[in-house]
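Novice: This is the structure I have questions about; it appears just below.
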Amino acid sequence: MSVELDVFVVNTTIMDEEVYQLWLDGYTVNDAVKVRMEGGVLEGCEASAEVLHSDTMDQYRTFQMCERLLHSPVKLANQLLFQIPPHRQVMLIERYYAFDSVFVREVLGKKLSKGTKKDLDDVSAKTGVTLKSCRRQFDNFKRVFKVVEELKGPLVENIRQHFLLSDKLARDYAAIVFFANNRFETGKKKLHYLTFQDFAFCAGQLISNWTVGALGDYNMVEDMDVDLEKEFLQDLKELKILITDRDLLDQHKSLVCTALRGKTKAFNEMEANFKNLSRGLVNIAAKLTNTKEVRDFFIDLVEKFIEPCRSDKWTAGDMRLYLTHYTNSAHVLDTFKHQVVWDRYMGVIKSCILKMYHD
Amino acid sequence: MPGKLKAKIVAGRHLPVMDRASDLTDAFVEVKFGNTTFKTDVYPKSLNPQWNSEWFKFEVDDEDLQDEPLQITVLDHDTYSANDAIGKVYIDIDPLLSSEAATVISGWFPIYDTIHGIRGEINVLVKVDLFNDLNRFRQSSCGVKFFCTTSIPRCYRAALVHGFVEELVVNEDPEYQWIDRIRTPRASNEARQRLISLMSGELQRKIGLKVLEMGGNAVVGYLQCFDLEGESGLVVRAIGTACTLDKLIPGSASNTNTHPNTAPASNACNSPSKEIKEPVFSEDPTHPLSVPPTPLRTLPSSSSPPPFSPSKLCSRQSSSSDTDLSLTPKMGMGSGISVGKEAGPLKTLLRQQAQSALEQREFPFFTLTCFPPGFLVHIGGVVSARSVKLLDRIHNPALGNTRSYKLLDWNSVAADEPETRDAWWEEIRQEIKSHAKALGCHAVVGYSESTTIWYITHTILRPTSISSEEVCILSASGTAAMLNPRFMREGCLDAGGSDQRLSRQPPLGMVGSERAEGEVSSSWLGFDDASPPSCGFCHIPYDEFNMPFPAQLTYCYHCRRQKVPDVLFTTIDLPAEAAVTGKGCLIQARLCRTKKKAQGEVNATAISNLLPFMEYELHTQLMNKLKLRCMNALFGLRIQISVGENMLLGLASATGVYLSALPAPGGIQIAGKTPSDLSYDQHISTMQKRINDTIAMNKELYNIHPPECIEEVVGSPIPDRQRSRLFRSTSESSDELSELDLSHGKKDAFVLEIDDTDAVEDIQSLLTDAPMPAGFYSCNTEVMPGIYNWTSGLQMFTSVRVYRLNNANLTNQGLNKIFTDLCENLLKSLYFKLRSMIPCCLCHLNFTVAVPEEELIQVAVTAVAMSFDKETQLAADKALNKGSGENEEQLQFSMELCGESTSSNNQPTAKPSGLPESAMTHSSSRDRCSTWLELLRLKAHTIRRGSVKTTSSSERCSPLPEVRSRSLRSTRSLPCGAPVTVVKMTPLSFLPRTRIVKYLGIINMFFIRETTSLREEGGVSGFLHSFIAEVFAMVRAHVAALGGNAVVSYSMKECVFMENPNKNQAQCLINVSGDAVIFVRESDQEAIPPLITCGQTSTTGADGTT
């Protein structure tokens, strides 16, 4: 005797969160049944593996039918096919759009193209995330990217409204979209120590300070939060004077050193490296007009600034102290006229470096 | 032009992409009613079009309003080629025709396509302006309310219960039309859906006419079914109970309709030309049932005509009905027991026509399963009849070689066809009626009819040729009962002044010419004699000395005055006033029998030969299982027999309970016939031990501790009868003696002799029923006896399984085992899936089995899981066990159940006759009949008795002790405020902790879904899963559009699934029905979550419900 057809449909769709997670994680039905058995779900129920299998199948089918709706979460709320209590809808959406940080690290900054998708099996093998799950996550990134690409207005808000995500998740997606759009390089070996959350933080900084939307100008320009502001990038070139003008450079150095003296053990290294470090930061700024250089923003930060400091054994406190004084001292320079651009630049650089300065 | 239908198409959303190039759709809508069609403008390039159309107005007859659905078709405009259909919405506008139902239909409807399923949604507004039509010869019956609910709907009061109404219409099935070979599957499915919609509209209208004729204004317990008879056509039939209902609104005028029963129209009683009658049912002179009904000794006027079938009628009415009849082809409930079965069709017809006006006697049948208190006087037992028919094209001359292609040519198609079908049913009903008579009863309650059709299904997907060898089993069953005639005559449920709360209106509403009769009938019943109402219905209605079947009678354990049977079987719900010990549980008997493959008449004969044996076996199983659970009565009994090519399946489901008024069930004893062998004895005693252990365990499980019952000694098969501490009477002791005898292997004991293999099998099957997991209860009735404190948490579900038997050469035993396992596994699966609802009860757990193809068994179940409050329950149980106090809680519960008037226990109206009636019990039919004849007899008549009993409530229920809080479950109810209206669905007639404030109309929908890409849709399971989900969605959308928030009495009456995996095709037909309602939560209670304490809370809660 074999079961040829077996369905169980309820009026108020209930979904087992555990099974949902297994489905999202790309488990096959059989594997999911195994996991559930090991999880002891049968304890206390007079049920067999068969029953569990049938239940798992039912739920998987329900998820598959829901998946189409999850692609445009707004539909989920007013579709008629499944009667799902609102708080369950929230859970379904949030979990569907959740992603594995190991996975997202692999594709962060890559073009969300078919080519990348083809390589997902490598990513899957590398990260241990099932291919199915990789595809779902990748498709989610791509879907969000495509939708917000054409929308005006603030990025995070758009994501939240169109995908009904929580604020945290919407911000993460904004970071992913931002990275994908600007194609920041994140895969180099030197960057491996950075987590997705580090990048997400930096992306948040860049979005809120360096884009068109950052000016609080809500003219609802397309891509206002996705592209860096061109004018600002042009202005950054002016900062070069800080390293090209010898006097200015010396003056800056002495101001910083005066302020730091006696406050840190790494003072000697700071003093010795000042010119190199300053050149590094200002050069990064000056090169940002070039799209290609923008991609290397993070790798440059690490190579030109973080690594030298790390080899000099700066502590995080040293770093904060140094950057604070480095930024502030520039205001005292008489001949340096680009205070506004400088602050806008250094504000972001400082918080990014502080975030990125760890092992 | 008595009506103007107005429709407005507002908008669409989530439409599918119809133009690949632009990924958009240019949608427009056609709105069609009858032959008139309107179109909206094309809304270009959008998946969310805003048409905002003008109001499309259709001026139509109200007859059409009732028959026709409003048909809305969404299309994609295509400049160069034909427009593509996106999908359709059929809207039944019947709810708008009754002033008390919905006034507007407005909302989002899923756009449905039979090939693609739901494709987006459309927002529609529909209104109807009805002009008054005073023409009494009209063909329409607008305004008659229909309810699927099989009790008096809550918020109404039954002024009068007129009785049985039935009707059927027949048409050619478009699926089998010639044209089907050239049209697309979509066109064919749509033709079918539309036809069925039309036919049900017409059927409802015709039934409505009959109701008006009888003077009623509503049909309760409306049961409509489709018989897809393949080539022979398509039959849509319905039965129901005509009533005059008054809306329970403070201050509302009471209804003034004073025409009591008018007989239903009648005209023909044709005998089918080629039917094969079950031999069993043939009149057997020696059969106990054929004994002329004995007048009840004690009822002086028992010989007077039963109140329901008064031949007197208002002549005015009947004449008009005649006219109607002649206009409408068909139908007929003719009647009469007097009509001999032998009479030729013609003769019968003539005779009936002659008699029609005068002698129309309605069948005293009631499709209700739950009654106002006092309505049921006594219950005799289950009566059922089955008949095997051969569906032959000969019966359908209109469908012969010259086929008519007109879909709805009623006159030509209907000419002969309904006569035959009517005659078939007529015959069955007569049989039921005579069975009831044999039980000393004048009425049948909980009545239902069903058919099982077997046809060669593998050709079903787009058949090119189909054989006409279809066999059809017609079944009818009900519970023989004596009813209180007042309900039929006077219309006052509360005549006795019983119910203070509900009967706000003086019972005098109906005064009239019938008065006199009313009086007669009440005196007839001897109403002055007092007998506790709560046990009255268990008392036997038949003559003790002339029992229709062997039975053991004892004096009622409650009143000690009347006789009650030892076991009572019924098809109704547990009466509210019944006193029950412990809890109930679902009891199922399952059976498989192999049958030789055959065709035509040979096949029909084979089937009808098997039927009686199957019924007997099922009955035996039920009885054994009942004993095993230490229970003595079955409610909601439903026996279904399905036919396959090479086997018959029988499934009987019922809810077992221990009625306190009936004697405690005896144990089950096993006896071997050849006690010589020592190891054999050993074996027997092991079995015996297992059985006794099981019984003891079940007592614990179901909390059955009859106060007067001394625990049985394990190992002793002899039930202790010494329990009656209070009322020991001499008769009791004699009873005891007989029971003792039983243990010695006498015939009426529950002795299983295990030296025949059947018995071994029986015992095995007895013991293989897995116990329910902790926290679960189950029943197939409206509610579970013994559970009172429901929370509002509920979950309705439908589960369908199809099994393939891989081994073609199975024996009966093998098949039985498989079938039993299959049902048990399904149950286990349900328990597992619903574990989050614990503690909960699966209510209305009714299985439907079918054999869609050789080696395939399909089981479908729709039920509701309702959670209850554990703590309150525990407290209640405890109180029950102590036998203390008041039955306050029970009372409340029952109010909720019986919906209508409240059930106060000492309701005068409810008084059954207290006369010393003869009582007898149906003897244990369970004994193994040694002779084949006896067996046949028992089986054939299927008359089972059961009696129900009620104990005085004072004995058992106690007020709730304090209880902490309603369970957390209340929080599980859906938060409202969701963008889409939450619509609850339940097969029950009520929602716990809520009050139904309005009935919006009946929901009766038929859908077909087909696919030619089965694999791509997830195989058969994926296909059916999404189809069922779609059906739910469409039901919910219709209810929401009517302004409702729940469907009660929901049922899936048909689920026909066919597949052809080789062609990657599948097709499924589903028919669902229910009542759309608006409910309100029992306000404060519900709103304040878990902190309210104490029993008082739930008490008041329940109160408000009624």
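The numbers here are math on the coordinates, done by the rules we state, and not lab data. Small disclaimer: the values here were computed from a predicted structure and weren't measured. No Cβ is skipped: glycine too gets one built from the backbone with ideal geometry, and neighbour counts run over all protein chains shown.
Novice: Between 0 and 90 degrees, rounded to the nearest ten: what's the tilt of helix A:29-38 against the longest Cα principal axis of chain A?
Specialist: On a 0 to 90 degree scale, this one is about 90.
Novice: Sort the following peptides by mean Cβ neighbour count (other Cβ atoms within 10 Å, averaged over residues), highest first: B:143-156, B:855-868, B:57-70, B:685-698.
Specialist: Values: B:143-156: 25.5, B:855-868: 23.4, B:57-70: 20.9, B:685-698: 17.2.
Descending mean neighbour count gives B:143-156, B:855-868, B:57-70, B:685-698.
Novice: Ok, one more. Would you mind calculating the gained length between A:HIS71 and A:TYR193 on full extension (0.36 nm times residue separation, minus the Cα-Cα distance), in nm to one decimal? Display every interim value, and only then the final one.
Specialist: Working: separation 122, 0.36 × 122 = 43.92 nm, distance 3.26 nm.
Length gained between A:HIS71 and A:TYR193: 40.7 nm.
Novice: Related question: Please list, in chain and number order, the residues 5+ apart from B:HIS162 or on another chain whose amide H is under 5 Å from its amide H, with Hs placed from the backbone.
Specialist: Amide H neighbours of B:HIS162, under 5 Å, 5+ apart: B:ALA242, B:CYS243, B:THR244.
Novice: How would you rank B:794-805, B:432-443, A:14-25, B:650-661, highest first, on the average number of other Cβ atoms within 10 Å across their residues?
Specialist: Top to bottom by mean Cβ count within 10 Å: B:650-661, B:432-443, B:794-805, A:14-25.
Novice: What's the magnitude of the charge dipole for segment B:32-133 around its Cα centre, counting Lys and Arg as +1 and Asp and Glu as -1 at the beta-carbon? Answer in Debye, nearest 20. Can you show the working numbers first?
Specialist: On the way: 7 positive and 19 negative charges, 137 e Å.
It comes to approximately 660 debye.
Novice: Follow-up. Please turn the phi angles of segment B:653-665 into ³J(HN,Hα) values with the Karplus equation 6.51 cos²θ - 1.76 cosθ + 1.60 (θ = phi - 60°), one per residue in order, whole Hz, x for glycine and proline.
Specialist: 10, 7, 10, x, 9, 9, 7, 5, 7, 8, x, 5, x
Novice: Between beta-carbons, use under 13 Å as the cut-off and find the net charge around B:SER450, counting Lys and Arg +1, Asp and Glu -1. Could the numbers behind the result be given before it?
Specialist: Numbers: positive: B:ARG237, B:ARG386, B:ARG638, B:LYS1053; negative: B:ASP227, B:GLU449, B:GLU1054.
Spelling it out: positives minus negatives among the neighbours equals +1.
Novice: Can I ask one more? Could you bin all the Cα-Cα distances of segment B:538-628 into 5 Å bins starting at 0 and give me the percent of pairs in each, rounded to whole numbers?
Specialist: 2, 9, 15, 17, 17, 14, 9, 7, 5, 3, 1, 0
Novice: Dipole of chain A, Cα-centred, from +1 at each Lys and Arg C-beta and -1 at each Asp and Glu C-beta, to the nearest 20 debye? Could you put the intermediate results ahead of the total?
Specialist: Working: 49 positive and 52 negative charges, 266 e Å.
With only Lys, Arg, Asp and Glu charged at Cβ, the dipole is about 1280 debye.
Novice: Residues with amide H under 5 Å of A:ASP6's amide H, sequence separation 5 or more or different chain, H placed in the peptide plane at 1.01 Å from N; which?
Specialist: Correct list: B:VAL802, B:SER1021.
Novice: Shifting gears a bit: Of B:PRO69, B:LEU96, B:SER81, which is farthest on the positive side of the dipole of segment B:55-102, counting Cα position, with +1 on Lys and Arg Cβ, -1 on Asp and Glu Cβ, and the Cα centre as origin?
Specialist: Ranked along the dipole, the leading option is B:SER81.
Novice: Please give the FRET efficiency for A:ARG295 paired with B:TRP55, using the beta carbon to beta carbon distance and R0 = 56 Å, rounded to the nearest 0.05. Before the final figure, lay out each step's value.
Specialist: Working: r = 61 Å, r/R0 = 1.08.
Given R0 = 56 Å and the Cβ-Cβ separation, E is 0.40.
Novice: From the phi angles alone, apply the Karplus equation (6.51, -1.76, 1.60; θ = phi - 60°) to segment B:1018-1026 and give each ³J(HN,Hα) in whole Hz, x where the residue is Gly or Pro.
Specialist: Listing the rounded values in order: x, x, 4, 5, x, 4, 6, 4, 6 Hz.
Novice: Shifting gears a bit: Would you mind computing, in nm to one decimal, how far apart the modelled labels at A:GLU271 and A:ARG310 are, each placed 7 Å from Cα along Cα→Cβ?
Specialist: The modelled label-to-label distance comes out at 2.7 nm.
Novice: To the nearest 0.05, what FRET efficiency results for B:LYS45 and A:ARG279 with a Förster distance of 45 Å applied to their C-beta separation? Display every interim value, and only then the final one.
Specialist: Details: r = 56 Å, r/R0 = 1.25.
So the FRET efficiency works out to roughly 0.20.
Novice: Go through segment A:148-164 residue by residue and turn each phi into a ³J(HN,Hα) via Karplus (6.51, -1.76, 1.60, θ = phi - 60°); whole Hz please, and just put x for glycine and proline.
Specialist: Per-residue couplings from phi come out as 6, 3, 9, 9, 8, x, x, 4, 4, 5, 4, 5, 5, 6, 7, 10, 6 Hz.
Novice: Please give, to one decimal in nm, the separation of the simple spin-label points placed at B:ASN1062 and B:ALA770, each 7 Å out from Cα toward the Cβ.
Specialist: 3.7
Novice: Still on this structure, I have one more. What is chain A's relative contact order, in percent, from Cα pairs under 8 angstrom and six or more apart in sequence?
Specialist: On the way: 385 pairs, mean separation 53.9, N = 359.
For chain A, the relative contact order is 15 percent.
Novice: List the pairs from B:LYS583/B:LYS833; A:LYS168/A:LYS237; A:LYS118/B:LYS45 whose alpha-carbon separation is above 29 Å, in the order I gave them. Intermediate values should be presented prior to the final figure.
Specialist: Values: B:LYS583/B:LYS833 23 Å; A:LYS168/A:LYS237 34 Å; A:LYS118/B:LYS45 33 Å.
Over 29 Å apart, Cα to Cα: A:LYS168/A:LYS237; A:LYS118/B:LYS45.
Novice: What residues have an amide H closer than 5 Å to that of B:TYR777, excluding those fewer than 5 places away on the same chain, when H is modeled at 1.01 Å from N in the peptide plane?
Specialist: B:CYS840, B:CYS841, B:LEU842
Novice: Return an integer: the convex hull volume of the alpha-carbon atoms of chain A, in Å³ per residue.
Specialist: Values: hull volume 60.2 nm³, N = 359.
Considering the Cα atoms of chain A, their hull volume per residue is 168 Å³.
Novice: Quantify how strongly other chains surround peptide B:1028-1038 by giving the mean number of their Cβ atoms within 10 Å of each of its Cβ atoms. All intermediate terms of the calculation are to be shown ahead of the outcome.
Specialist: Numbers: counts 4, 11, 4, 1, 9, 6, 2, 1, 4, 2, 0.
Partner Cβ neighbours, averaged per residue: 4.
Novice: Whole angstrom only: what separates the Cα centroid of segment A:142-159 from the Cα centroid of segment A:309-359?
Specialist: Rounded to whole Å, the Cα centres lie 32 Å apart.
Novice: Can you tell me which of A:LEU228, A:LEU42, A:LEU151 moves the most in a GNM of chain A? Springs connect C-alpha atoms under 10 Å apart.
Specialist: A:LEU42
Novice: So if R0 is 51 Å, what FRET efficiency would B:GLU601 and B:GLU1016 give, r being the distance between their Cβ atoms, rounded to the nearest 0.05?
Specialist: On the way: r = 44 Å, r/R0 = 0.85.
Rounded to the nearest 0.05, the efficiency is 0.70.
Novice: Here is a follow-up. Within 10 Å of each Cβ in peptide A:51-60, how many partner chain Cβ atoms are there on average? Round it to a whole number, please.
Specialist: Details: counts 8, 2, 1, 9, 4, 0, 4, 5, 1, 2.
The mean count of partner-chain Cβ atoms within 10 Å per residue comes to 4.
Novice: Enter the angle in degrees (range 0 to 90, nearest 10) between the Cα long axis of helix A:246-260 and the first principal axis of the Cα atoms of chain A, meaning the one along which they spread out most.
Specialist: 70
Novice: Also, quick follow-up: If each residue of separation counts as 0.36 nm, what is the full-extension length gain between A:ARG320 and A:GLN234 once their alpha-carbon separation is subtracted?
Specialist: Details: separation 86, 0.36 × 86 = 30.96 nm, distance 2.73 nm.
Here the answer is 28.2 nm.
Novice: How large is the dipole of segment A:210-353 about the Cα centre if only Lys and Arg carry +1 and Asp and Glu carry -1, each at its Cβ, rounded to the nearest 20 debye? Write down the numbers at each step before the final one.
Specialist: Working: 20 positive and 23 negative charges, 148 e Å.
Dipole size: approximately 720 debye.
Novice: Label A:LYS263 and B:ASP129 with points 7 Å out from Cα along Cα→Cβ: what is the distance between them in nm?
Specialist: Computed distance between label sites A:LYS263 and B:ASP129 equals 8.5 nm.
Novice: Average partner chain C-beta neighbours within 10 Å, per residue of B:1015-1027? Display every interim value, and only then the final one.
Specialist: On the way: counts 0, 0, 0, 5, 3, 4, 10, 7, 2, 5, 11, 7, 2.
Shielding by partners across B:1015-1027 averages 4.
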